[in-house]
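> Quick one: structure below, then a few questions.
What follows is calculated from the coordinates using simple rules that are stated; it is not laboratory data. Since the structure is predicted, the reported quantities are computational estimates derived from the model, not experimental observations. Ideal geometry is used to build each Cβ from the backbone, glycine not excepted, and the neighbour counts take in all protein chains shown.
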């Protein structure tokens with residue numbers, strides 16, 4: 001992948017999604033962000049923000065993630081989020097709101113490298129939406145996880161691999177050492 005045409009998307013690493021199960025992923029995400037920035041790559045953060053009477057509230061009776069501190073980016077990533085191209089607030093699972101779609105198009109990004117929370121929902125949906133838009137999604141398997149634990153995480157990886165291709169699921173070492181990223 002060409003670094004100039006790629007973006008690292010940090011999906012929803014927010015206080016409300018960091019549980020005892022997902023907390024160990026935060027340092028891994030921070031490490032991928034640091035290494036990506038050292039190469040000169042662009043980063044984009046997403047923040048899920050729920051709202052009253054949303055489908056999440058109406059249909060699955062889930063009303064969390066509506067205000068700070070739950071919606072805030074975790075402390076370990078605040079500085080990186082301030083250096084990023086932006087922090088995109090989204091009321092849906094995917095990066096690809098109208099605003100997110102426009103940001104990706106405006107920058108000419110063709111490769112979407114994904115880290116964050118949760119593998120079985122927002123990570124999966126962002127990867128699938130990128131795929132369906134003709135972009136190339138990459139999911140960094142050791143820098144994504146589920147706040148619900150191992151079983152949903154593994155299910156998310158299984159389904160993501162079936163939807164976008166197992167070759168698109170790589171670990172951080174492969175991303176940085178196998179020459180997947182081509183710098184100028």
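> Where does the chain land on Rg(C-alpha)/(2.2 N^0.38 Å)?
0.95
> Next question, about the same structure. Ranking 145, 56, 51 by Cβ neighbours within 10 Å, fewest first, what do you get?
Starting with the residue having the fewest Cβ neighbours, the order is 51, 56, 145.
> Starting from the 7 Å offset along Cα-to-Cβ, what nm value, one decimal, do you get for the label separation of residue 105 and residue 60?
Once both label points are built, they end up 2.8 nm from each other.
> As an exercise, use a Förster radius of 22 Å and the Cβ-Cβ distance of residue 76 and residue 35 to find the FRET efficiency, rounded to the nearest 0.05.
That gives a FRET efficiency of 0.90.
> Give me the angle, in degrees from 0 to 90, between the Cα long axis of helix 98-107 and the longest principal axis of the Cα atoms of the chain, rounded to the nearest 10.
The two axes meet at around 10 degrees.
> Using all Cα-Cα distances in the range 95-135, what percent lands in each 5 angstrom bin from 0 up to the longest?
Histogramming the range 95-135 at 5 Å steps yields 5, 24, 35, 25, 10, 2 percent.
> Another one. Could you quote the convex hull projected area for the range 52-140, Cα atoms only and averaged over all directions, in nm²?
6.5
> Continuing with the same structure: Mean separation of Cα pairs under 8 Å and 6+ residues apart, divided by the residue count of the chain: what relative contact order is that in percent?
That works out to 29 percent.
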